Amino acid sequence: MATTSTTREHLLEVGLRQLRATGYTATGVKEVLDLAQVPKGSFYHYFPSKESFVGELFERYAREEGERAQRLLGDTFVPPLKRLRTYFEELISVYGQPGESAGCLIGAMSLEIADHIPRLQAQLQSMYTGWQDGIADVLRQAIRQGDLPKSTKPGPLAEFILNSYEGALVRMKAEQNSSPLKNFLHFIFDVLLKK
């Protein structure tokens, strides 16, 4: 028999996979329970509602992506702009392949639910802010090292880079090919951020 923490963790793992594959509306509690092979009462023992469940899925996703960002962007032995490019190349290798689970969960959920569920919208906004701040920190390091002009505004530039990446992911999904992401990498790193 599964322990309390493993049942809860299993529900979160299955739920995150399903949310990425089918979105918020199409991910029902019953579907998650069936996939996890867990009785209905177990779900409501851990999560009072679908909204709170998805809120925890967002936290898990943000934590995992924060660890990726720290691993790649925090390696100060690598020049800042090289770190930033490597980071986006890894994101693209994970989320940028056409298919059922392609794309960024934050972007997909922003399109689907941000206008309808204030609590989840606030979480999405917080995730974007943290993500943008991490990119801006790397840009500040690049400015200090002379890889970008001193006149560079790291906050707005980080926002532009993040928005460009998210837009390229949406376009990749619409077209079912990776050329928008290749263009993103080229124009951000070979044109905009080129020394």
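Just so you know, all these numbers are worked out from the coordinates, no wet-lab data involved. Quantities reported herein were computed from a predicted structural model and do not represent experimental measurements. Neighbour counts are summed over all protein chains in view; Cβ atoms, including those assigned to glycine, are modelled from backbone coordinates with ideal geometry.
If I model a spin label as a point 7 Å beyond the Cα along the Cα-Cβ vector, how far apart are those points for ALA122 and ALA21 in nm? So the label points at ALA122 and ALA21 sit 3.2 nm apart.
Give, in nm to one decimal, the length gained when the segment between GLU51 and PHE77 is fully stretched (0.36 nm per residue of separation minus the Cα-Cα distance). Before the final figure, lay out each step's value.
Numbers: separation 26, 0.36 × 26 = 9.36 nm, distance 4.12 nm.
Answer, rounded to one decimal: 5.2 nm.
Checking the cross-link pairs LYS150/LYS173; LYS82/LYS173; LYS82/LYS153; LYS50/LYS182 against a 28 Å limit on the alpha carbon distance flags LYS150/LYS173; LYS50/LYS182 as lying beyond it.
Based on DSSP H runs of at least 4 residues, each adding -39500 (n - 2.57), what is the mean residue ellipticity at 222 nm of the chain after dividing by all its residues, to the nearest 500 deg cm²/dmol? Walk me through the numbers on the way to the answer.
Details: 9 runs with 143 residues, N = 195.
Rounded to the nearest 500, it is -24500 deg cm²/dmol.
Quick check: net charge around ASP190, other residues with Cβ under 15 Å of its Cβ, Lys/Arg +1 and Asp/Glu -1? Provide the component values of the computation, followed by the final result.
On the way: positive: LYS82, ARG85, LYS182, LYS194, LYS195; negative: GLU89, ASP147.
So the surrounding residues net to +3.
When you filter the trypsin sites (Lys or Arg not before Pro) in region 117-192 for DSSP loop state and at most 16 other Cβ atoms inside 10 Å of their Cβ, you are left with LYS150. Counted by Cβ distance under 14 Å from GLY74, the other residues give a net charge of -1, where Lys and Arg count +1 and Asp and Glu count -1. Dipole magnitude for region 50-192: computed about the Cα centre from +1 point charges on Lys and Arg Cβ and -1 point charges on Asp and Glu Cβ, it is near 440 debye.
What is the calculated FRET efficiency for ARG63 to SER151, with r their C-beta to C-beta distance and R₀ = 30 Å, to the nearest 0.05? Given R0 = 30 Å and the Cβ-Cβ separation, E is 0.30.
Taking R0 as 35 Å, what's the FRET efficiency between HIS186 and ARG140 from their Cβ-Cβ distance, rounded to 0.05? Present the calculation step by step, with values, prior to reporting the outcome.
Numbers: r = 24 Å, r/R0 = 0.68.
With R0 = 35 Å, the Cβ-Cβ based efficiency is 0.90.
Rg and Dmax of the chain, based on Cα coordinates, read 18.6, 60 Å.
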